[in-house]
Amino acid sequence: MEMKLLVQYVGDLEEDKVLNLLKDFVAMNPTQDEADKVISACQEGMAIVGDRFERGEYFVGDLIFAGELMTESMDILKPVIAGSKNGNLGKMVIGTVAGDLHDIGKNIYRGMVEALGLEVFDIGIDQPASAFVEKVREVKPDVLGMSGVLTLAIEAMKQTVDALKEAGLRDDLKIIVGGNPMTKDACEYIGADAFTTNATEGVRIVEQWLK
Ligand code: B12
């Protein structure tokens, strides 16, 4: 598939063209590697949407539409990104942190770690530290994943890790944070074990941990 074209169609919010490209792509029985490239292209297209929003060319309605377009896109891609392993590699709790309603990236990542063979407990969006603490206490996961794309997510993630420490739950837990604003500095500030802006890399990190 022509990735540049996909990036452009996502950026232009050309729903029919995007969905048709993806349907043709899935029909070709692509490899996981090819599917990863398509996800990256979608992410790149969404960055264009974000830039146009920032420049005042797109409005909140366009962001909402972009979100719906990505959800539809991931539904089409599901058969090629999500396998059907039975969740015996380990357990993971995942959620989007307080104040942040973005969940497209989290959902993509969840599909990929499920395909890897983890049992995933997704607590949803805009979840306060206390909700993460509760779920971790209940499920005792091997890994905690926190997602956030707003700058303010960094602070919310730090508060969540602090709350886990206070509850005595931090030490037996590997923590990975994901989303566009994540950097090495942010990761250190938050007190997480790893960070990424890329779901595939996030899968590799967790796979390494659980081996
Ligand atoms: C779609 C979208 C929305 C949709 C979200 C729909 C949904 N269900 O998620 C809606 C309309 C709700 C929305 C709302 C808002 N948005 Co918005 N949105 C976007 C947009 C265009 C795309 C985000 C996206 O889905 N990207 C595609 C995914 C695939 O990428 P990703 O999230 O990075 O995920 C990948 C990796 O990071 C990783 N990953 C993600 N999570 C995790 C977790 C783990 C554990 C791991 C390992 C990996 C991982 O895997 C994914 C695949 O590789 C971005 C622009 C951008 N540049 O991203 C703005 C953007 C994030 N939004 C922005 C803003 C400002 C807002 C609003 C404040 C707008 C408003 N005025 O109302 C609100 C805030 C609502 C809130 N409180 O959260 C800003 C944020 C600015 C900032 N620095 O804080 C951005 C950057 C746009 C911009 N350039 O101005 N938005």
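To keep it simple, each residue is scored yes or no on (1) in contact (Cβ under 8 Å) with a residue 12 or more places away in the chain; (2) more than 14 Å from the ligand (Cβ to nearest atom); (3) open to solvent by 60 Å² or more (accessible area, probe 1.4 Å).
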site	(1), (2), (3)
Gly61	no, no, no
Gly67	yes, no, no
Met70	yes, no, no
Gly95	yes, no, no
Ala98	yes, no, no
Asp142	yes, no, yes
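Here's a check for you: in region 1-15, which residue that is among the hydrophobic types (A, V, I, L, M, F, W, C) and in a helix (DSSP H, G or I) is surrounded by the fewest Cβ atoms within 10 Å (Cβ to Cβ)?
Leu5
Which of the residues spanning region 160-196 are of a type in the set (Ser, Thr, Tyr) and either open to solvent by 60 Å² or more (accessible area, probe 1.4 Å) or at pLDDT below 95 (or both)?
Thr183, Tyr189
Could you list, in sequence order, the residues of region 29-58 that are more than 10 Å from the ligand (Cβ to nearest atom) and of a type in the set (Gly, Ala, Ser)?
Across region 29-58, the qualifying residues are Ala35, Ala41, Gly56.
Just for helices (runs of 4 or more DSSP H) wholly inside region 93-211: which have at least 1 residues that are aromatic (Phe, Trp, Tyr)?
104-116, 129-139, 184-190, 199-210
Considering only residues that are surrounded by fewer than 16 Cβ atoms within 10 Å (Cβ to Cβ) and touching a residue at least 24 places away in the same chain (Cβ under 8 Å), which ones fall in region 16-25?
Lys23
The values are calculated or read from the model by the stated rules, or taken from the named source; none is laboratory data. Everything numeric here is computed off the predicted structure, so don't read it as measured data. For neighbour counting, all protein chains shown are included, and Cβ atoms are generated from backbone atoms with ideal geometry for every residue, glycine included. Side chains included, ligands, DNA and RNA excluded: accessible areas come from the protein's heavy atoms. Shrake-Rupley method; radii C 1.70, N 1.55, O 1.52, S 1.80 Å.
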